[in-house]
Amino acid sequence: MIWNVIDKRTRPYRWAKINAIIEATWHDNTVADTDIAPPPRSAEEEVTYDQRESLSLHEAITWANDQSCPVTLYLYDEGAGTS
């Protein structure tokens, strides 16, 4: 499930093909001025890191929202962020 979104696109009106990364939201707990997310109850529940390339914004949101733990969804322009 999505708990946070970090949009790093320089072309924010492009939604048909983007790159996306997800990480467990609790990984952000050490960042200054962050909300604190609870750690996972088990290793099986945690999504450490995953990425997808050349998918639509809708597909990225659906994919991130279907995860087993709270995730931060990072959005990038197609061709950026994952290479």
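The values are calculated or read from the model by the stated rules, or taken from the named source; none is laboratory data. It should be emphasised that the depicted structure is a prediction, and the values quoted were computed from it without experimental measurement. Positions of Cβ are generated from backbone atoms using ideal geometry, with glycine treated the same way; all protein chains shown enter the neighbour counts. Heavy atoms of the whole protein, side chains included, go into the accessibility calculation; ligands, DNA and RNA do not. Shrake-Rupley method; radii C 1.70, N 1.55, O 1.52, S 1.80 Å.
Could you list, in sequence order, all residues of segment 36-48 that are open to solvent by 60 Å² or more (accessible area, probe 1.4 Å) and under 15 Å from ASN4 (Cβ atoms)?
ILE36, PRO38, listed by residue number.
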State which residue pairs qualify: first residue assigned to a helix (DSSP H, G or I) and inside segment 16-44, second residue of a type in the set (Ser, Thr, Tyr) and modelled with pLDDT of 95 or more in any location, beta carbons under 8 Å apart, and separation of 6 or more residues or different chains.
-> THR25/THR72; HIS27/THR72; ASP28/THR34; ASP28/THR72
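Look through segment 2-15, keep the residues that are open to solvent by less than 80 Å² (accessible area, probe 1.4 Å) and outside any strand (DSSP E or B), and return whichever of them is nearest to TYR76 (Cα to Cα).
Here the answer is ARG9.
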Which one of these is among the acidic types (Asp, Glu) and at pLDDT below 95: GLU23, GLU46, GLU53?
-> GLU46
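Looking at ASP77, ASP33, which is the one that is touching a Lys or Arg at 6+ places or on another chain (Cβ under 7 Å), charged (D, E, K, R), surrounded by fewer than 16 Cβ atoms within 10 Å (Cβ to Cβ) and at pLDDT 95 or above?
On the way: ASP33 fails: touching a Lys or Arg at 6+ places or on another chain (Cβ under 7 Å).
Selected residue: ASP77, the only one of ASP77, ASP33 that is touching a Lys or Arg at 6+ places or on another chain (Cβ under 7 Å), charged (D, E, K, R), surrounded by fewer than 16 Cβ atoms within 10 Å (Cβ to Cβ) and at pLDDT 95 or above.
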Take TRP63 and decide whether it is under 16 Å from ILE2 (Cα atoms) and out of contact with any strand residue (DSSP E or B) (no Cβ under 8 Å at 6 or more places or on another chain).
-> no
Among the residues of segment 51-71, the number that are of a type in the set (S, T, N, Q), open to solvent by 50 Å² or more (accessible area, probe 1.4 Å) and part of a loop (DSSP other than H, G, I, E, B) is 1
